[in-house]
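To keep things clear, I will list the structure first and then write my remarks on it.
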Amino acid sequence: MRVVYDVSPLTHPRTGVGNYIRGALAGMIRAGGGEHEFVAFAPASIRGRERLDTALDGIDAERRIVSLPFAHAVRRTWGRIGRPSVERFVGSLDVLHFSDWMVPPQRNGVRATMIHDLGPLRFPEKLHPRTVRMHTRTAREARDCDVVFVNSHYTADDAVERARVPREKIRVAYPGVDPEFRPEGPRREGRPYAFTTATADWRKNVETVRAAWPLLGGELELVAAGDLGYVPHDRLPELYRGAEVFLYPSRFEGFGIPIVEAMACGVPCVVSSHPSLDEASGDAAVRVDPESREAIAEGVREALRRRDELVARGLEHARRFSWIECGRVHLQGYADAL
């Protein structure tokens, strides 16, 4: 197969979606064993092109990156106009897998996309209207795709219910864990601390964690990724490893990969009880009501008491998630649709 894979989100600083895109592409290349051809495709601004090239370092895929000004506007307009077809820029293809950043027209081949979560459809009042419009459009396009990937069974159910994607088109491709996320290695030093990747975003819910912290009586410093500015992906392992406990208080997610990353680094986890986080947590995390500061504080105490047990369970759980398996699911989904 010749697979054209949209890597447009990698033109921005990498977060969960970008990490998934990079990991899935790398996993497909490994899983394919040299039998398939992969093309990383994106319209990108000059600055975005630099980030993209850095993100794709070490990935053995052909690059078809179109550098142009106002790349975001061009991507959205291209999908609305519906021409020219993507083949004009990448040549013939067997599969086009596009992201939620653009919906390119194509003449032939399998049409595929990914739904990471449907938060913008669930909580439109909490997000910028442009974000809601973009994700609504992608959800609508997904109905007409030949195959739609999701990162959890929870999101699969959501895609059927809210986006009305036919169940038979959906494939669950769990994210993987990069090899850098392991117990051994450098760690952040200083006084004992708890780490959270929560930010000021309403969904990430850092405000309830802050409200809980006085209840712990100064036992631990709270280190929040949102206070550190943008944290590069390669700095996260040392932050996880150095922590006494990791908190993930999100009100809603598609999967929750930081939970598994923290477990892989040997850190006990306190996680929101929202069901969208069940698959990432398994039976290896302390689950708490994300709206209760008392529950979060008690969850931290419980995680500290059960540290050895939770670390062992977390390491075992994290081994279930690999990018090569994610890649296999993608390749099988494409092959089934051909």
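Counting the residues of segment 123-165 that are in contact (Cβ under 8 Å) with a residue 24 or more places away in the chain, under 29 Å from VAL260 (Cα atoms) and surrounded by 15 or more Cβ atoms within 10 Å (Cβ to Cβ) gives 18. Go through segment 137-155 and report how many residues are β-branched (Val, Ile, Thr) and farther than 13 Å from ASP100 by Cα. Result for segment 137-155: 2.
Confirm whether PHE98 is within 22 Å of the chain's Cα centre (by Cα), assigned by TED's automatic domain parsing to the domain that holds ASP157 and aromatic (Phe, Trp, Tyr).
Against the criterion (within 22 Å of the chain's Cα centre (by Cα), assigned by TED's automatic domain parsing to the domain that holds ASP157 and aromatic (Phe, Trp, Tyr)), PHE98 qualifies.
Of the residues ARG30, ARG2, the single one that is modelled with pLDDT of 95 or more, surrounded by fewer than 19 Cβ atoms within 10 Å (Cβ to Cβ) and out of contact with any strand residue (DSSP E or B) (no Cβ under 7 Å at 6 or more places or on another chain) is ARG30. The single residue among ILE59, ILE65, ILE21, ILE46 that is more than 20 Å from TYR334 (Cβ to Cβ) and in contact with a Leu (Cβ under 8 Å, 6 or more places away or on another chain) turns out to be ILE65.
Being touching a Phe, Trp or Tyr at 6+ places or on another chain (Cβ under 7 Å), at pLDDT below 95 and assigned by TED's automatic domain parsing to the domain that holds THR136: is that true of ARG47 here? It is false that ARG47 is touching a Phe, Trp or Tyr at 6+ places or on another chain (Cβ under 7 Å), at pLDDT below 95 and assigned by TED's automatic domain parsing to the domain that holds THR136. The test for being in contact with a Phe, Trp or Tyr (Cβ under 8 Å, 6 or more places away or on another chain) and of a type in the set (D, E, K, R) does not hold for ASP146. Of the helices (runs of 4 or more DSSP H) lying entirely inside segment 209-314, the ones with 3 or more residues being surrounded by fewer than 17 Cβ atoms within 10 Å (Cβ to Cβ) and over 17 Å from the mean Cα position of the chain (by Cα) are found at 293-305.
Being at pLDDT below 95 and farther than 28 Å from TYR248 by Cβ: is that true of PRO84 here? Taking the combined requirement at face value, the residue satisfies it.
Looking at segment 276-289, is at least one residue within 25 Å of ARG313 (Cα to Cα) and at pLDDT below 95? No: segment 276-289 contains no residue that is within 25 Å of ARG313 (Cα to Cα) and at pLDDT below 95. Note on segment 140-174: residues that are in contact with a Ser or Thr (Cβ under 8 Å, 6 or more places away or on another chain), within 12 Å of VAL329 (Cβ to Cβ) and in a loop (DSSP other than H, G, I, E, B) amount to 1.
Residue selection: ARG167 satisfies the criterion of being assigned by TED's automatic domain parsing to the domain that holds LEU25, at pLDDT 95 or above and basic (Lys, Arg). Candidates are the residues of segment 193-214 that are in contact (Cβ under 8 Å) with a residue 60 or more places away in the chain and of a type in the set (A, V, I, L, M); the one that is farthest from LEU304 (Cα to Cα) is ALA211.
ARG63 meets each of the listed conditions (1) surrounded by 17 or more Cβ atoms within 10 Å (Cβ to Cβ); (2) within 22 Å of SER92 (Cα to Cα) apart from (1). The condition (being at pLDDT below 95, within 19 Å of ARG293 (Cα to Cα) and touching a strand residue (DSSP E or B) at 6+ places or on another chain (Cβ under 9 Å)) is satisfied by just one residue among ALA198, ALA224, ALA194: ALA198.
The values are calculated or read from the model by the stated rules, or taken from the named source; none is laboratory data. What you are looking at is a predicted structure, and each value in this text was computed from that prediction instead of being measured. Heads up, the Cβs are rebuilt from the backbone with ideal geometry, glycines too, and the neighbour counts pull from every protein chain shown.
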